[in-house]
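In what follows, a structure is listed as structure tokens, so that the remarks can point back to it.
The values are calculated or read from the model by the stated rules, or taken from the named source; none is laboratory data. The shown structure was predicted, so the numbers you read here are calculated from the model rather than taken from an experiment. Here the Cβ positions follow ideal geometry from the backbone for every residue, glycine too, while neighbour counts run over all protein chains shown.
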Ligand SMILES: Cc1cc2nc3c(=O)[nH]c(=O)nc-3n(C[C@H](O)[C@H](O)[C@H](O)COP(=O)(O)OP(=O)(O)OC[C@H]3O[C@@H](n4cnc5c(N)ncnc54)[C@H](O)[C@@H]3O)c2cc1C
């Protein structure tokens, strides 16, 4: 996408050809591209190696041990689901605080404490039973070679399968390089007529949820109708 001259015209290159327009809304998702750590390419386990976006149900994973890399919401929930049928190890990089999933909206809170100014661990939402003894905990994975995985404390394991619950990248790679957006006018960018919805980097915390994307969509609609 590019701006044509200094006027109002924006030009999009699409798979169907060029499109010229006054307004463009980037709504291509905050979690668009599964992110795989570099060491994953060197893994050759007897079972499977897959990103959490390809996980559907326990029978899909060959029997034996499963290393789940990533202690966020996806990793913890997949670990809970697999621990009844597999020998599960959950590797996480940072300390976590676990909260009941039913209280999602009320307990999401802010990342920085207003009292201490310190950054808090991100809350992970789960059924409380899942983080008890049925799941073995391990520190971050730092390397992998063949079937052997090495953790940050120097310990190692040879899992049958590995699930990479390592998150996603936003789908904004097609945007031109943007200067920082104006904080006071969420979803706007420094290019007149170009708006971004559903991505916290261009909006606010929570924009990458269904509720947040809806609010951004409303804000963008107002910006578009208010434009000269
Ligand atoms: C594992 C996971 C669990 C989640 N759980 C929750 C939850 O419990 N509650 C919650 O509120 N939110 C949850 N979310 C977030 C929720 O999915 C998003 O907030 C919501 O889908 C955002 O909607 P969106 O329209 O902004 O983006 P998306 O739903 O990601 O839609 C983006 C669309 O853009 C398309 N696209 C991408 N690139 C291009 C391109 N170049 N050209 C044309 N089209 C393109 C994609 O194909 C896709 O259809 C979860 C997300 C993930 C990944």
Discussion item. Residue under question is residue 200, and the condition is that it be away from the ligand (no atom under 16 Å from the Cβ) and either modelled with pLDDT of 95 or more or closer than 26 Å to residue 70 by Cα (or both); does it hold?
Written reply: no
Worksheet, complete the sentence: Taking segment 39-74 and keeping only residues that are modelled with pLDDT under 95, within 16 Å of the ligand (Cβ to nearest atom) and within 19 Å of residue 143 (Cβ to Cβ), one is left with 70, 71
Worksheet, complete the sentence: The correct count of residues that are more than 26 Å from residue 33 (Cα to Cα), out of contact with any strand residue (DSSP E or B) (no Cβ under 6 Å at 6 or more places or on another chain) and modelled with pLDDT of 90 or more in segment 151-191 is 3
Worksheet item: Does segment 205-225 hold any residues that are under 15 Å from the mean Cα position of the chain (by Cα) and more than 9 Å from the ligand (Cβ to nearest atom), and which are they?
Response: 205
Worksheet entry | Failed condition for residue 166, given (1) within 30 Å of residue 41 (Cβ to Cβ); (2) near the ligand (Cβ under 10 Å from one of its atoms) | (2)
Worksheet, complete the sentence: Note: among 9, 27, just one is outside the structural domain of residue 164 (by TED's automatic domain parsing), within 15 Å of the ligand (Cβ to nearest atom) and farther than 20 Å from residue 93 by Cα, namely 27
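This table checks each residue for (1) more than 18 Å from the chain's Cα centre (by Cα); (2) in contact (Cβ under 8 Å) with a residue 60 or more places away in the chain.
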site: 2; (1), (2): yes, yes
site: 7; (1), (2): yes, no
site: 34; (1), (2): no, yes
site: 38; (1), (2): no, no
site: 50; (1), (2): no, yes
site: 57; (1), (2): yes, no
site: 67; (1), (2): yes, yes
site: 75; (1), (2): no, yes
Fill in: Scan of segment 185-197 for residues that are more than 14 Å from the ligand (Cβ to nearest atom), assigned to a loop (DSSP other than H, G, I, E, B) and closer than 21 Å to residue 11 by Cα, ordered by number
189, 190, 191, 192, 193
Response to the item:
Those residues of segment 182-228 which are surrounded by 14 or more Cβ atoms within 10 Å (Cβ to Cβ), without any contact (Cβ under 8 Å) to a residue 60 or more places away in the chain and within 18 Å of residue 22 (Cβ to Cβ) amount to 187, 188, 189, 219, 221, 223
